[in-house]
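Visitor: Structure incoming, see below.
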Amino acid sequence: MTASLHPVLLSLQVTLVATLLIVAAGLPLAVLLARARFPGQSVVETAVNLPLVLPPTVVGYFLLLALGAGGPLEAWFGVRVVFTWIAAAVASAVVGLPLMVQSARAAVAAVDPALERAARTLGSSELEVLWRVTLPLARRGILAGVLLGAARALGEFGATLMVAGSIPGRTQTLPIAIYDAVQNREYALANRMVMGMTVLAFALLLWVRYLERPRRRPTVSIGDAPHG
């Protein structure tokens, strides 16, 4: 495997795992925030969105405290993941989570509650209503949130660098490899990686725009109307 190819494959691996983490944490959060009302909800919403406004290095520092030596992960489970690709995936998931939650929450909130009530009157449990009515109707917004979170995870740099470092062949993701290439004045290599990342990010965002477009409803002209 060439040195320039490894950061690409590692970034795809990190992004895939980060996206799975984003969906696992973000979808329940989105449904909870869209449908429930509970004390401290504003605090939870603010905490979820905090990575959007904090500098990535600050987010990375908090993660370093949580994942590093003496942190709760090591103290409770005896596991230390700092300076591994897993730490990079966790950092990418944290910064991508707010985008997923915002989009999915809006999509769930837009589902007509009357349809959910109708399903309940037909004997469906709350879990069945969620699975058969709410999530299918909100699927476009949820998928858009997943793609936004994945795109953000793919481009994460600061928090990843804090918790995973820049170890070639182990933790050097594509954004970090681009930074190192520029620092080493390897501009041809940097150009190739930048173009590849730009094309991939553009494709993800274009997909999101497609999902956000209002769906066209079939129309019936007067001439097509049935005659009595």
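The values are calculated or read from the model by the stated rules, or taken from the named source; none is laboratory data. Since we're looking at a predicted model, the values are computed, not measured. When we count neighbours, we look across all protein chains shown, and the Cβ atoms used for this are built from the backbone with ideal geometry, even at glycine.
Visitor: For the stretch 134-152, check the following and say yes or no: at least one residue is over 24 Å from LEU204 (Cβ atoms) and either small (Gly, Ala, Ser) or surrounded by 18 or more Cβ atoms within 10 Å (Cβ to Cβ) (or both).
Guide: yes
Visitor: Within 27 Å of VAL208 (Cβ to Cβ) and among the acidic types (Asp, Glu): does that describe GLU116?
Guide: yes
Visitor: Can you report the number of residues in the stretch 111-126 which are among the small types (Gly, Ala, Ser) and either in contact (Cβ under 8 Å) with a residue 60 or more places away in the chain or surrounded by fewer than 12 Cβ atoms within 10 Å (Cβ to Cβ) (or both)?
Guide: Here the count works out to 3.
Visitor: To continue, here is another question. Just to verify a result, which residue in the stretch 67-85, among those that are surrounded by 15 or more Cβ atoms within 10 Å (Cβ to Cβ) and of a type in the set (A, V, I, L, M, F, W, C), is modelled with the highest pLDDT?
Guide: Within the stretch 67-85, the match that is modelled with the highest pLDDT is TRP85.
Visitor: Let me ask you something else. Based on what the data block shows, is ARG209 surrounded by fewer than 18 Cβ atoms within 10 Å (Cβ to Cβ) and over 21 Å from the mean Cα position of the chain (by Cα)?
Guide: In short, no.
Visitor: May I pose another question? Taking the stretch 47-78 only, how many residues are closer than 29 Å to GLY141 by Cα, part of a loop (DSSP other than H, G, I, E, B) and in contact (Cβ under 8 Å) with a residue 40 or more places away in the chain?
Guide: The total comes to 1.
Visitor: Moving to a separate point now. Just one of (1) farther than 24 Å from LEU99 by Cβ; (2) assigned to a helix (DSSP H, G or I); (3) charged (D, E, K, R) trips up ARG170, so point out which.
Guide: Among (1) farther than 24 Å from LEU99 by Cβ; (2) assigned to a helix (DSSP H, G or I); (3) charged (D, E, K, R), ARG170 violates only (2).
Visitor: From the list VAL199, VAL129, exactly one residue is surrounded by fewer than 16 Cβ atoms within 10 Å (Cβ to Cβ), modelled with pLDDT under 95 and either among the hydrophobic types (A, V, I, L, M, F, W, C) or part of a helix (DSSP H, G or I) (or both). Which is it?
Guide: Going through VAL199, VAL129 in turn, just one is surrounded by fewer than 16 Cβ atoms within 10 Å (Cβ to Cβ), modelled with pLDDT under 95 and either among the hydrophobic types (A, V, I, L, M, F, W, C) or part of a helix (DSSP H, G or I) (or both): VAL199.
Visitor: Would it be correct to say that LEU52 is hydrophobic (A, V, I, L, M, F, W, C), under 15 Å from GLY158 (Cβ atoms) and modelled with pLDDT under 95?
Guide: Yes.
Visitor: Got at least one residue in the stretch 79-86 being under 20 Å from the mean Cα position of the chain (by Cα) and either without any contact (Cβ under 8 Å) to a residue 60 or more places away in the chain or part of a helix (DSSP H, G or I) (or both)?
Guide: Looking for residues that are under 20 Å from the mean Cα position of the chain (by Cα) and either without any contact (Cβ under 8 Å) to a residue 60 or more places away in the chain or part of a helix (DSSP H, G or I) (or both), one finds at least one in the stretch 79-86, hence yes.
Visitor: Which condition number in (1) more than 30 Å from MET195 (Cβ to Cβ); (2) without any contact (Cβ under 8 Å) to a residue 12 or more places away in the chain; (3) among the hydrophobic types (A, V, I, L, M, F, W, C) is the one that VAL31 fails?
Guide: Single failed check for VAL31: (2).
Visitor: Looking at ALA203, ALA181, which is the one that is of a type in the set (A, V, I, L, M) and over 26 Å from THR84 (Cβ atoms)?
Guide: Of ALA203, ALA181, the one residue that is of a type in the set (A, V, I, L, M) and over 26 Å from THR84 (Cβ atoms) is ALA203.
Visitor: May I pose another question? Any idea how many residues of the stretch 150-193 are among the small types (Gly, Ala, Ser) and touching a Phe, Trp or Tyr at 6+ places or on another chain (Cβ under 7 Å)?
Guide: Number of matching residues: 2.
Visitor: Moving on to the next point. Just checking, does the stretch 29-43 include any residue being loosely packed, with under 13 Cβ neighbours inside 10 Å and closer than 24 Å to ALA151 by Cβ?
Guide: no
Visitor: Follow-up question, since we're still on this one. What number of residues in the stretch 173-196 are of a type in the set (Ser, Thr, Tyr) and in a helix (DSSP H, G or I)?
Guide: Count: 2.
Visitor: If you check ARG170, ARG185, which single one turns out to be within 24 Å of the chain's Cα centre (by Cα), surrounded by fewer than 21 Cβ atoms within 10 Å (Cβ to Cβ) and among the basic types (Lys, Arg)?
Guide: From the options ARG170, ARG185, the qualifying one is ARG170.
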